[in-house]
Amino acid sequence: MAAQILDGKSLAEQIRAELKDQVTDFVNQTGVTPCLAVVLVGNNSASEVYVRNKQLACEKIGVKSEMYRLPDETPESELLELIARLNANDVVHGILVQLPLPKPIDEQHILDAIRPDKDVDAFHSDNVGRISQGRPRFLPCTPYGILELMLCNGIKTSGKHVVIIGRSNIVGKPMALLLMQKGKGCDATVTVCHSRTPDIPTISRQADILIVAIGQPKFVTADMVKPGATVIDVGMNRTEEGLVGDVDFHAVKEVAGAITPVPGGVGPLTVTMLLLNTLTAAKNQCLER
């Protein structure tokens, strides 16, 4: 029997409809419109697409978006000055610096310059530390979306063995931190595989839930998946055959119990959770004033 398809697009639309109502209520109660500032440095075509999607998503639910475009040769000092201005601007509630940044800009230096209560990507070291302690200010957007997708589809994580392939600061590491926490949608036993892990297929076949974020097209094949496992594909790779994930979808769906498609799986939820974090940031900052 083919796997259940985990439809992230439909879930994202549902959450965004709820968010639109919440944003309207917030604006009516406070007179404040949540505002997300997006900073794009350089001319990365993929980043252009991601940023445009975020702007459109903001507009549809009533969140204001401000776009700041800087040329590829922008020095780090100039980018830091812009972030300082956005930090001090009470109209701006969330700040997102689109990654990757051109060299030689130090990405972590830039991310740590964002005010933690405006860091709606949850990449600041203060927010990462809070996540590790189980008291997050915000949850990172992609892992957050994955948790919601599993919860809404009744996929149990408590006591399950989750294998994550990929150890990035954006997906792999925070995903592991979240799944290890106590509580709803967590309480998992987590193994993280990466480029130095020997014999990944042997480990991946042990997974009740397999989360793949390695950036290699169709890396996970059917023989790497335990029958009935849930497979979450975070990858998005542009190839000659079109957009594909890190999982060989058509082969793996015949083995897995549930699987995310690419596109239409995790991607729409990543943007949706960014919107949720922006509204949360606006609410928190209004309470502090």
### Query
Can V225 be described as at negative phi, surrounded by 19 or more Cβ atoms within 10 Å (Cβ to Cβ) and without any contact (Cβ under 8 Å) to a residue 60 or more places away in the chain?
yes
### Odd one out for R85 among (1) within 18 Å of P104 (Cα to Cα); (2) at pLDDT 95 or above; (3) surrounded by fewer than 17 Cβ atoms within 10 Å (Cβ to Cβ)
(1)
### Query
Residue check: is I232 open to solvent by 10 Å² or more (accessible area, probe 1.4 Å), touching a residue at least 40 places away in the same chain (Cβ under 8 Å) and of a type in the set (V, I, T)?
no
### Residues of segment 112-154 classified as in contact with a Ser or Thr (Cβ under 8 Å, 6 or more places away or on another chain) and within 18 Å of S47 (Cα to Cα), total
3
### Near pairs, Cβ below 6 angstrom, 6+ apart or cross-chain, from segment 268-289 (touching a residue at least 12 places away in the same chain (Cβ under 8 Å)) to any residue that is among the hydroxyl-bearing types (S, T, Y) and open to solvent by 40 Å² or more (accessible area, probe 1.4 Å)
M273/Y144; C286/T30
### Task
Could you please tell me which pairs satisfy a Cβ distance under 9 Å, a separation of 6+ or placement on different chains, a first residue in segment 19-43 that is on the phi > 0 side of the Ramachandran plot, and a second residue that is surrounded by fewer than 18 Cβ atoms within 10 Å (Cβ to Cβ) and hydrophobic (A, V, I, L, M, F, W, C)?
G42/L70
### Task
Among what's in segment 1-38 and is over 15 Å from G265 (Cβ atoms) and at pLDDT below 95, pick the residue that is least open to solvent (accessible area, probe 1.4 Å).
A2
### Flag if S65 is assigned to a helix (DSSP H, G or I), among the small types (G, A, S), in contact (Cβ under 8 Å) with a residue 24 or more places away in the chain and surrounded by 14 or more Cβ atoms within 10 Å (Cβ to Cβ)
no
### Query
Say we look at segment 235-248 and pick out the residues that are under 21 Å from P143 (Cα atoms) and β-branched (V, I, T); which of these is surrounded by the fewest Cβ atoms within 10 Å (Cβ to Cβ)?
V244
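Yes/no per residue for (1) at positive phi; (2) at pLDDT 95 or above; (3) among the charged types (D, E, K, R):
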{"position": "E241", "(1), (2), (3)": "no, no, yes"}
{"position": "G245", "(1), (2), (3)": "no, yes, no"}
{"position": "E254", "(1), (2), (3)": "no, yes, yes"}
{"position": "T260", "(1), (2), (3)": "no, yes, no"}
{"position": "L274", "(1), (2), (3)": "no, yes, no"}
{"position": "N277", "(1), (2), (3)": "no, yes, no"}
{"position": "T280", "(1), (2), (3)": "no, yes, no"}
{"position": "N284", "(1), (2), (3)": "no, yes, no"}
{"position": "E288", "(1), (2), (3)": "no, no, yes"}
### Query
Of all residues in segment 68-82 being under 13 Å from D106 (Cβ atoms) and assigned to a helix (DSSP H, G or I), which is least open to solvent (accessible area, probe 1.4 Å)?
L79
### Query
Would segment 47-60 turn up any residue that is open to solvent by less than 10 Å² (accessible area, probe 1.4 Å) and in contact with an Asp or Glu (Cβ under 9 Å, 6 or more places away or on another chain)?
no
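The values are calculated or read from the model by the stated rules, or taken from the named source; none is laboratory data. Given the structure is predicted, the values throughout are model-derived calculations rather than measurements. Glycine also receives a Cβ, built like all others from the backbone with ideal geometry; neighbour counts cover every protein chain displayed. Heavy atoms of the whole protein, side chains included, go into the accessibility calculation; ligands, DNA and RNA do not. Shrake-Rupley method; radii C 1.70, N 1.55, O 1.52, S 1.80 Å.
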